[in-house]
Amino acid sequence: MSRKTVIFCDFDGTAAEQEVIVSLFQAFGPPGWEAVRDAIIAGTMSVREGVGGIFARIPSSRVPEMIEHARRIATLRLGFMEFLDYCRVHGHRFLLTSGGVDFFIYPILDGLLSRDQIYCNGSDCSGPTVRILWSHACDGQCRADCGMCKPSIMRRFPPEQYHRVVVGDGVTDLQAAKLADLVVARDLLVVKCREVGISYQPFETFYDVMAVLDRMGAEAYR
Ligand SMILES: [Mg+2]
Ligand SMILES: [Zn+2]
């Protein structure tokens, strides 16, 4: 029986050209947020703790401005919309998996994806500052304290039934890449894949991703 293809696609720096969350922190983050970012990159602070801590110091009253900012600066990577059509035509399941937050991701993807295709963090802006809701936290098999745990989501799609494709650009995509049948990578994820010896296919636009799937798809279903 052939396996169904499911695509796990990152948002910042992948579906979106920009690092939208970084741009938001640059514009709205509290003083010292850069130190938190550095600690996350160095691995001395978890993404959940770091990102949650930064948002917890941003007033909820600024959320409308943040949404406006995100919509203004974000552009979808070349071929992204065509790729969504491609997935529909080929019967691939497309899931957006992002460590970002619903209040800025939903408006950018409005009309392109249904909510059940988007896995990101939730938010509660009813208090004085932004509280992140970790709706997709790590399962019992992940100890990385991801916040939005990509490997945990992938484990819901067993490899016996699904051909799992990860499309991403960053360090936070590495654990997902380790579980994938096929990794399509750009930027830092390329560096990381090389470091740990995971094979990958490079991409810059979603036309590249389609070409990879056309090429690799035939092998996967053999
Ligand atoms: Mg990314
Ligand atoms: Zn995790």
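Of the residues making up region 179-189, those that are within 18 Å of Arg215 (Cβ to Cβ) and not in a strand (DSSP E or B) are Ala180, Asp181, Arg186.
Within region 134-156, being open to solvent by less than 30 Å² (accessible area, probe 1.4 Å), near ligand 2 (Cβ under 7 Å from one of its atoms) and over 10 Å from Gly99 (Cβ atoms) holds for Cys142, Pro151, Ser152. Do we find a residue being closer than 19 Å to Ala15 by Cα and touching an Asp or Glu at 6+ places or on another chain (Cβ under 6 Å) anywhere in region 105-120? Among the residues of region 105-120, at least one is closer than 19 Å to Ala15 by Cα and touching an Asp or Glu at 6+ places or on another chain (Cβ under 6 Å), which makes the answer yes. For Thr75, the requirement of being β-branched (Val, Ile, Thr), touching a Lys or Arg at 6+ places or on another chain (Cβ under 8 Å) and at negative phi is not met. Put simply, of Leu78, Leu84, Leu112 the only residue that is touching a strand residue (DSSP E or B) at 6+ places or on another chain (Cβ under 7 Å) and not aromatic (Phe, Trp, Tyr) is Leu84.
In the list Val209, Val167, which residue meets the criterion of being in contact with a strand residue (DSSP E or B) (Cβ under 7 Å, 6 or more places away or on another chain) and part of a strand (DSSP E or B)? Don't jump to the end; show me each part of the working.
On the way: Val209 fails: part of a strand (DSSP E or B).
Of the residues listed, the single one that is in contact with a strand residue (DSSP E or B) (Cβ under 7 Å, 6 or more places away or on another chain) and part of a strand (DSSP E or B) is Val167.
What about Arg115, is it open to solvent by 20 Å² or more (accessible area, probe 1.4 Å), within 25 Å of Leu76 (Cα to Cα), basic (Lys, Arg) and in contact with a Pro (Cβ under 7 Å, 6 or more places away or on another chain)? So Arg115 does not fit the description; no.
Would you confirm, using the coordinates I've provided, whether Ala176 is of a type in the set (Gly, Ala, Ser), modelled with pLDDT of 95 or more, part of a helix (DSSP H, G or I) and farther than 16 Å from Leu95 by Cα? Explain how you work it out, then say what you get.
Values: of a type in the set (Gly, Ala, Ser): yes; modelled with pLDDT of 95 or more: yes; part of a helix (DSSP H, G or I): yes; farther than 16 Å from Leu95 by Cα: no.
Considered against the rule, which asks whether it is of a type in the set (Gly, Ala, Ser), modelled with pLDDT of 95 or more, part of a helix (DSSP H, G or I) and farther than 16 Å from Leu95 by Cα, Ala176 comes out as no.
Scanning region 139-156 for any residue that is assigned to a strand (DSSP E or B), at pLDDT 95 or above and not β-branched (Val, Ile, Thr) turns up nothing.
Can you tell me which residues in region 157-179 are away from ligand 1 (no atom under 15 Å from the Cβ) and either over 26 Å from Val20 (Cβ atoms) or crowded, with 16+ Cβ neighbours inside 10 Å (or both)? Scanning region 157-179 gives Phe157, Pro158, Pro159, Glu160, Gln161, Tyr162, His163, Arg164, Val165, Leu179. Taking helices (runs of 4 or more DSSP H) as the structural unit, those lying wholly within region 1-104 and holding at least 2 residues that are open to solvent by less than 10 Å² (accessible area, probe 1.4 Å) and among the hydrophobic types (A, V, I, L, M, F, W, C) correspond to 20-28, 47-55, 63-73, 80-90.
The values are calculated or read from the model by the stated rules, or taken from the named source; none is laboratory data. Bear in mind that the values here come from a model prediction, so they are computed numbers and not experimental data. Heads up, the Cβs are rebuilt from the backbone with ideal geometry, glycines too, and the neighbour counts pull from every protein chain shown. Calculation scope for accessible area: heavy atoms of the full protein, side chains included, ligands and nucleic acids excluded. Shrake-Rupley method; radii C 1.70, N 1.55, O 1.52, S 1.80 Å.
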